[in-house]
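The structure appears right after this line, and notes come after that.
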Amino acid sequence: MTYRRFQHRWWLHILLFLLTVVTTTFAGLEYYASYVSVLGTRQVAFSWPLVGHATIYAVAILAILGAHEMGHYLACRYYDVDCTLPFFIPIPSIVGTAGAMIKIRESFPSRRILFDIGIAGPIAGFLVLIPVLAIAVHQSSLVQAPPAVGGTWYFGEPLLFKAMTWLKFGSVSDAYQLNLHPIGFAAWFGMLATSWNLLPFTQLDGGHLSYAALGDRSRHVSLATVAVAVAMCFVSITWVVMTLLMLAALYFFGPRHPRPVNDEEPLDGKRYALLIFAMIMFALCFTPIPVRFEP
């Protein structure tokens, strides 16, 4: 019996995608209501045009996540490495999704191919989130900070976000607050997803890059990454889910990355340059405290 490669359960991919459209649109409603109400200082009544605007947030976040996963998928197709189409993960939350993923069904042929597939996703997502963030900042405005009523959620600001807001508004006084356009939150989540995927842990994109560069020595980097993530849980509760996922992967799969078929092929200069670029992307997108709540 011949094994047919690149076979997909289309119904499942479409169903998860449509459900994610719904959950991200609901999340976008909250962001857009906050935006048009100028951080809650004006009354905003529910209307169908409001839902239409909320879908813009959904389109933005799905474009960023979809570009990331399609980067992996197209690289797999280029190198003929069997994989699935992206699975989007709908979840009712402040962003409306837990991200997306593809499943690779066979061993990587070589370290260089492992590297290329691993880095294709972060670069593709990064190239989409940059214009989304730029448009969001351009459409945003500075307003006087409203008085705090009850608890307030604060989103950590990655370096890329700080740089773009500085280019538009310069230094911002504490008396003012950015009324961010809803797609800015989509770009924010895209930056968070990019930085966490680039963590050098065996099952993540960063783990693929680490193994391609270091070989089996990368297991020490994976263990160190888990240790740092555990420590970060005491700094911000938002690290708990990611840390639990890494600990589960460590328990079921161990700290070693699966070996490619050709495990002796070293990276070339161009790929080491891309590795440095991946580190720059990580630095630009990373925030140690993604979300915090102040009573």
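Anyone know which of Thr97, Thr152, Thr25 comes out most mobile in the 10 Å Cα GNM of the chain?
Comparing Thr97, Thr152, Thr25 in the GNM, the peak value goes to Thr152.
Can you give me the convex hull volume of the Cα atoms of the chain, divided per residue and expressed in Å³?
On the way: hull volume 41.8 nm³, N = 295.
Roughly 142 Å³ of hull volume per residue.
By the 4.7 Å beta carbon criterion, which cysteine residues of the chain come out unpaired?
Lone cysteines by the Cβ rule: Cys233, Cys285.
Size of the dipole of the chain about the Cα centre, Lys and Arg at +1 and Asp and Glu at -1 on the beta carbon, nothing else charged, in debye to 20? Kindly include the intermediate steps, with their values, before the conclusion.
Numbers: 18 positive and 15 negative charges, 57 e Å.
In total the dipole reaches around 280 debye.
Over the chain, with a Gaussian network built from C-alpha contacts below 10 Å, which listed residue (Val132, Val22, Val172) shows the highest mean-square fluctuation?
It is Val172.
Quick one: which residues, 5 or more positions from Thr97 or on another chain, have an amide H under 5 Å from its amide H? H modelled 1.01 Å from N in the peptide plane, none for Pro or chain starts.
Placed amide hydrogens put Ile91 under 5 Å from Thr97.
Report, largest value first, the span of the C-alpha coordinates of segment 85-159 along each principal axis, in whole Å.
Largest to smallest, the principal-axis extents are 58, 27, 18 Å.
So, how do all the Cα-to-Cα distances of segment 167-294 break down into 5 Å bins, in percent, from 0 on up?
In whole percents, the pair-distance histogram is 2, 9, 16, 19, 18, 13, 9, 7, 4, 2, 1, 0.
Going toward the positive end of the dipole of the chain, with +1 on Lys and Arg Cβ and -1 on Asp and Glu Cβ, which of Gln139, Ile113, Gly96 do you reach last?
The Cα lying farthest towards the positive end belongs to Ile113.
Apply the Karplus curve 6.51 cos²θ - 1.76 cosθ + 1.60, θ = phi - 60°, to the phi angles in segment 94-100 and return the couplings in whole Hz, x for Gly and Pro.
5, 10, x, 7, 9, x, 8
For Leu267, what residues show an amide H to amide H distance below 5 Å, using hydrogens built from the backbone and excluding near sequence neighbours?
Answer set, sorted by chain and number: none.
Amide H of Cys83: which non-local residues (sequence gap of 5 or more, or other chain) have their own amide H closer than 5 Å, using H built in the peptide plane?
For Cys83, the qualifying residues are Phe6, Arg105.
Leu127 to Val241: extension gain in nm, 0.36 nm per residue of separation minus the Cα-Cα distance? Could you put the intermediate results ahead of the total?
On the way: separation 114, 0.36 × 114 = 41.04 nm, distance 2.66 nm.
So the extension gain works out to 38.4 nm.
What helices in the chain pass both tests, a Cα length along the helix axis of 20 Å or more and a mean Kyte hydropathy of 1.6 or higher, using whole DSSP H runs? Numbers along the way, then the final one.
Details: long enough: 10-36 (38 Å, 1.21); 48-79 (45 Å, 0.78); 111-139 (43 Å, 1.52); 182-197 (23 Å, 0.75); 218-232 (21 Å, 1.31); 239-253 (21 Å, 2.25); 269-285 (24 Å, 1.62).
Once both thresholds are applied, what remains is 239-253, 269-285.
If you build a Gaussian network model of the chain, linking Cα atoms that sit under 10 Å apart, which residue out of Arg259, Arg105, Arg219 swings the most?
Ranking Arg259, Arg105, Arg219 by mean-square fluctuation puts Arg105 first.
Just going by the charge dipole of segment 162-295, with Lys and Arg at +1 and Asp and Glu at -1 on Cβ, which of Thr287, Val221, Gln177 is farthest out on the positive end?
Sorting the options by dipole projection puts first Gln177.
Can you sort Ser140, Ser37 by how many other beta carbons sit within 10 Å, fewest first?
Ranking Ser140, Ser37 by Cβ neighbours within 10 Å, fewest first, gives Ser37, Ser140.
Here, each number is a calculation from the coordinates, and none is a lab measurement. Keep in mind that this is a model prediction, so the values were computed, not measured. Cβ sites come from the backbone with ideal geometry, for glycine too, and all protein chains shown count toward neighbours.
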